[in-house]
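Trainee: Take this structure first; my questions come after.
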Amino acid sequence: MKGLVLDNLRRDQLTDAISKGRRLDGRGMSEYRKLEIRPGIIPKAEGSARVKLGDTEVMAGVKIEHGKPFPDTPDQGVLIINAEVLPLASEYAEPGPPDEDAIELARVVDRGIRESKMVDVNKLVIVPGKEVYLMYVDISVISTGGNLFDASSYAVVAALMNTKFKILKQEENGSVIPTGETSELPIVDLPVSITAVKIKKGIILDPDVEEESINDGRLTVAYDQEGNLCAIQKGQASGLKVEEIMEMVKMGKEKVPEIREMIRGALEKNG
Amino acid sequence: MMNLIDEGGKRLDGRSFDQLRPFSMQAGLLKSASGSAYIEQGGNKILVGVYGPRDSRSRYGTNQDKAVLRCRYHMLPFSTEERKSPQPSRREIEISKVIRDALEPALLLEEFPRSVIDIYIEVLQSDGGSRGASITAASIALADAGIPMKDLVSAVAVGKVNGHLVLDLSDTEDKEGEVDLPIAVMLNSGLITLMQMDGKLSEDEFRQAIDLAMAGAKELREAQRKALVQKYFKEVDS
Amino acid sequence: MNNRAVPGEGLAVIEEYDARGDVYVLDGEIYSTKVANIRINRKDRSLTSIGLKKPFPKPDDEIVGTIDQVQKPFVYIRINQLDGRNVGVKQTAVLYMKGSVRDAPAGREGDIIRAKVKLIRNAMLFVRIDEPELGVIFTSCSKCGGEVVPTGRSFVKCTRCGHRDYRKLAMDYKSGAK
């Protein structure tokens with residue numbers, strides 16, 4: 001992320017290693033850092049998860065409310081994803097409204113979830129055209145250690161899968177009240193986000209904060225359960241060749257099953 | 001009035017009047033912060049990061065003679081029953097200020113003129129007494145940052161529910177009870193650095209409430225010490 | 001008595017010991033101000049609290065930093081390491097270059113330099129590089145940014161454009177940065 005200016009010496013070591021097919025922390029080119037997913041850590045939230053990916057740490061929480069649907073989708077529940085980099089997350093983060101990086105983060109995660117149709121929003125309707133469920137998903141970045149996109153996406157996916165909410169109904173007088181029953185969200189897909197960066201001529205997955213700060217192009221791709229690409233964001237003011245993009249997609253696609261199993265495993269372990 | 005005490009003299013969560021909620025504290029878990037701490041107390045889950053002393057980004061707001069202490073108490077949107085808007089509320093702004101005022105007397109800020117120390121408090125999940133738990137945790141984080149302190153600051157709320165003085169109010173006791181009296185104290189000197197009150201107490205009750213808070217603070221202080229020992233002297237202590 | 005302490009922990013009374021280091025004295029009682037190791041010297045009856053964490057450099061501490069700006073005769077250095085540990089706090093050090101060789105600065109912007117704290121005044125950190133192991137540990141050509149090799153003690157030559165430049169190099173130039 002912004003703020004980290006790598007010193008020349010370290011930069012040389014990093015790029016040198018990557019051009020030889022190695023990484024300074026000993027990882028393989030498509031190897032992720034240690035990934036830890038802990039769902040359900042905030043009992044007050046309807047759904048929550050904390051994800052640690054190397055030095056990166058992210059929390060996501062889901063709050064379910066009700067309200068009017070968007071006029072163009074009267075028969076669908078609403079998904080709203082926000083992100084904030086907490087000021088304690090790094091030396092360079094500052095308090096205040098989300099900056100462009102945080103807004104990009106929220107929107108990239110949002111598109112991966114939305115376009116994969118992970119949550120069947122058609123089932124999140126209380127009264128068609130009038131009252132629907134609103135899913136507020138908030139991402140709070142606790143530590144910026146590189147690759148916030150993937151860590152945040154996994155946290156949101158795990159939090160949504162972990163969500164239990166009160167079923168609501170509308171009374172004749174128009175008020176919306178709980179029926180007394182709870183439900184899980186109608187989850188129909190499990191998207192996985194994979195971020196690749198190019199450094200000189202080498203391509204690596206899951207960049208850490210140093211690798212990210214010297215990257216020559218970044219590509220975040222979300223893959224749905226069928227293996228389709230469902231959302232893409234190219235980042236960084238630099239160009240990527242078609243072959244490079246295809247290489248990134250190929251490396252990503254090979255990685256997806258492993259990550260998906262980890263997310264599933266973490267949720268099963270937590271009941 | 002809601003019944004908050006049963007016939008056996010126990011509170012809703014089964015505690016006696018002078019009993020703290022279950023708590024745990026941890027020092028130094030954020031990599032990039034100068035110091036950090038995490039506390040759970042009842043349903044509170046609070047993370048504190050300290051940055052500094054460091055150069056101020058601007059010349060404004062610095063002091064020739066000592067470091068300037070800044071504090072932000074902030075609740076995550078999913079920390080409450082109803083989603084909280086991420087923008088700081090008036091309540092959060094006031095709490096940020098009283099927490100800063102509660103911690104500053106413990107710090108030897110003169111050692112760092114013209115610099116700033118930032119305390120960032122993130123409430124991951126809120127319950128009654130979050131400002132007290134924030135102060136208790138922030139003290140650990142400041143000590144973890146190596147900022148010299150006269151003493152740790154320990155804080156807890158006392159309240160009155162159904163006519164009884166009780167220690168460490170839960171959310172329900174805070175909302176349904178008659179009095180909420182959060183207190184922060186430096187135990188060596190006995191100086192109270194935070195005191196706020198909502199509700200009515202007689203002078204006698206007030207005096208008793210302070211004693212009750214002091215006893216609670218002592219217990220918390222021991223846990224603060226343990227959290228720091230655990231981080232810095234683990235191998236020796238095990 | 002314990003040989004370690006946390007802030008506010010009572011250590012002794014002043015009648016017993018002469019209190020030194022990270023201590024605070026209140027009503028005749030000595031308290032530690034930091035998470036610290038406690039040293040007792042029975043000979044001179046002193047008690048010293050040695051804080052385990054330094055929030056701020058002190059004179060003679062070694063720093064490694066990146067040169068941010070050269071404004072003769074001052075060189076501004078952004079501190080990256082303090083006593084071999086990465087620092088989490090943003091802090092600038094100032095190097096004063098008086099009458100240096102050919103009036104050139106010790107290094108150029110972007111160079112990595114090792115220095116020792118000379119004095120602290122008004123929260124400004126002044127550093128010095130007047131020891132063999134102090135000085136520039138990484139640099140590049142000031143003309144074209146190319147790679148340079150040392151030629152002698154205080155000069156570097158660019159491998160690309162051949163430009164020669166003055167630098168106060170550390171003894172272990174280019175291998176010293178951690």
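Trainee: I want the antiparallel fraction of DSSP beta bridges within chain A, as a percent rounded to 5.
Mentor: 85 percent
Trainee: How large is the Kirkwood hydrodynamic radius of the range C:62-166, counting all unique pairs of alpha carbons, in Å?
Mentor: Mean inverse Cα-Cα distance, inverted, gives 14.1 Å.
Trainee: A further question on this structure: If the cut-off is a Cα-Cα distance under 15 Å, which aspartates and glutamates reach B:Lys226, setting aside same-chain residues fewer than 8 apart in sequence?
Mentor: B:Glu40, B:Asp144, B:Asp151, B:Glu235, B:Asp237, C:Glu9
Trainee: Please name whichever of C:Ser49, C:Ser154, C:Ala12 sits farthest to the positive end of the charge dipole of chain C, dipole taken about the Cα centre and charges placed at Cβ: Lys and Arg +1, Asp and Glu -1.
Mentor: Value: C:Ser154.
Trainee: Sticking with this one: Checking a compactness column here: for the range C:4-51, what do you get for Rg(Cα) / (2.2 N^0.38 Å), N being the number of residues?
Mentor: Numbers: Rg = 9.3 Å, N = 48, 2.2 N^0.38 = 9.6 Å.
Normalised by 2.2 N^0.38 Å, the Cα Rg of the range C:4-51 equals 0.97.
Trainee: Something else: For the residues C:Phe155, A:Phe149, what sequence is obtained by ranking on other C-beta atoms within 10 Å, fewest first?
Mentor: C:Phe155, A:Phe149
Trainee: Right, another one. Using a Gaussian network model on chain C with a 10 Å cutoff between Cα atoms, which of C:Arg167, C:Arg108, C:Arg45 fluctuates the most?
Mentor: It is C:Arg45.
Trainee: Let me ask something else. Which order do B:Leu220, B:Leu20 fall in if you start with the one that has the fewest other Cβ atoms within 10 Å?
Mentor: Working: B:Leu220 27, B:Leu20 18.
By the 10 Å Cβ count, ascending: B:Leu20, B:Leu220.
Trainee: Show me the three semi-axes of the equivalent ellipsoid for the range A:6-77, from the C-alpha gyration tensor (sqrt of 5 times each eigenvalue), largest first, rounded to whole Å. Could you put the intermediate results ahead of the total?
Mentor: On the way: eigenvalues 347, 61, 26 Å².
Equivalent ellipsoid semi-axes, largest first: 42, 18, 11 Å.
Trainee: In µm²/s, what is D for the protein assembly as shown at 4 °C and 1.567 mPa s, where D = kT/(6 pi eta Rh) by Stokes-Einstein and Rh is the Kirkwood radius from Cα pairs? Intermediate results must be reported in sequence, preceding the final value.
Mentor: Values: Rh = 28.0 Å.
For the chosen part, D equals 46 µm²/s.
Trainee: Just to be sure I follow: if Rg is taken over the C-alpha atoms of the range A:8-269 and Rh is the Kirkwood radius over the same atoms, what is Rg/Rh?
Mentor: Reported Rg/Rh, Kirkwood definition of Rh: 1.01.
Trainee: So which residue, out of A:Val62, A:Val137, A:Val125, gets the largest mean-square fluctuation from a GNM of chain A using Cα contacts under 10 Å as springs?
Mentor: A:Val125
Trainee: Using C-alpha positions alone, give me the convex hull volume of the range B:23-232 per residue in cubic angstrom.
Mentor: Residue-normalised Cα hull volume stands at 123 Å³.
Trainee: Please list, short to long, the whole-number percent of alpha-carbon pairs of the range A:65-155 in consecutive 10 angstrom bins beginning at zero.
Mentor: 17, 40, 27, 14, 2
Trainee: Give, rounded to the nearest 20 debye, the magnitude of the charge dipole that the protein assembly as shown has about its Cα centre when Lys and Arg contribute +1 at Cβ and Asp and Glu contribute -1 at Cβ.
Mentor: Numbers: 98 positive and 103 negative charges, 649 e Å.
Rounded to the nearest 20 debye, it is 3120 debye.
Trainee: Sequence neighbours fewer than 8 away in the same chain don't count; with that in mind, list the aspartates and glutamates whose C-alpha is under 12 Å from A:Lys253.
Mentor: The reachable aspartates and glutamates, counting only those whose Cα sits under 12 Å from A:Lys253, are A:Asp224, A:Glu226.
Trainee: Turning to a different aspect of this structure: Per-residue ellipticity at 222 nm for chain A, helices alone: DSSP H runs ≥ 4 residues times -39500 (n - 2.57), over residue total, nearest 500 deg cm²/dmol?
Mentor: -9000 deg cm²/dmol
Trainee: What percentage of all Cα-Cα pairs in chain C are separated by more than 22 Å?
Mentor: Working: 8581 of 15753 pairs.
In whole percent, the share of Cα-Cα pairs in chain C beyond 22 Å is 54.
Trainee: For the range B:81-238, calculate the relative contact order in percent as a whole number, restricting contacts to Cα pairs under 8 Å that are 6 or more residues apart.
Mentor: 21 percent
Trainee: Check cross-link reach from C:Lys116 to the aspartates and glutamates: straight Cα distance under 13 Å, and skip same-chain residues fewer than eight apart.
Mentor: Leaving aside aspartates and glutamates fewer than 8 places away in the same chain, those within reach of C:Lys116 are C:Asp60, C:Asp61, C:Glu62, C:Asp83, C:Asp130, C:Glu131, C:Glu133.
Trainee: Percent relative contact order of the range C:62-166, based on C-alpha pairs within less than 8 angstrom and at least six residues apart? Write out the running numbers ahead of the final one.
Mentor: On the way: 224 pairs, mean separation 22.2, N = 105.
Reported relative contact order: 21 percent.
Trainee: Now a separate question. Greater than 18 Å separation of Cα atoms is the criterion. Which listed pairs, C:Lys34/C:Lys54; A:Lys52/A:Lys234; A:Lys44/A:Lys164; B:Lys45/C:Lys34, meet it? Before the final figure, lay out each step's value.
Mentor: On the way: C:Lys34/C:Lys54 10 Å; A:Lys52/A:Lys234 23 Å; A:Lys44/A:Lys164 11 Å; B:Lys45/C:Lys34 26 Å.
Too far apart for the 18 Å limit: A:Lys52/A:Lys234; B:Lys45/C:Lys34.
Trainee: Using Cα springs under 10 Å in a Gaussian network model of chain B, which residue among B:Arg72, B:Arg54, B:Arg83 shows the largest mean-square fluctuation?
Mentor: Result for chain B, Cα springs under 10 Å: B:Arg83 fluctuates most.
Trainee: Let me ask something additional. By the gyration tensor of its Cα atoms, with a ≥ b ≥ c the square roots of the eigenvalues, what is the shape of the range B:123-212: rounded for a/c under 1.5, prolate for a/b over b/c, or oblate?
Mentor: oblate
Trainee: Within a 10 angstrom radius of the beta carbon, how do A:Glu84, B:Glu82, A:Glu244, C:Glu16 rank from fewest other beta carbons to most?
Mentor: B:Glu82, C:Glu16, A:Glu244, A:Glu84
Trainee: How big, in percent, is the set of alpha carbon pairs in the range A:47-109 lying more than 17 Å apart?
Mentor: Roughly 56 percent, rounded to a whole number.
Trainee: Using a 7 Å offset from Cα along Cα-Cβ at C:Arg45, what residues in the range C:1-21 end up with backbone N under 16 Å from the label point?
Mentor: Within reach of a label on C:Arg45, which here means backbone N under 16 Å from a point 7 Å along Cα→Cβ, the range C:1-21 contributes C:12-20.
Trainee: So how long is each side of the range B:167-238 along the principal axes, counting just the alpha-carbon atoms, biggest first, in Å?
Mentor: Taking the Cα atoms of the range B:167-238, the three principal extents are 49, 29, 16 Å.
Since every read-out is calculated from the coordinates, none of them should be taken as a lab result. Owing to the predicted nature of the structure, the values given are computational and were not obtained by experimental measurement. We place every Cβ from the backbone using ideal geometry, glycine too, and count neighbours over all the protein chains shown.
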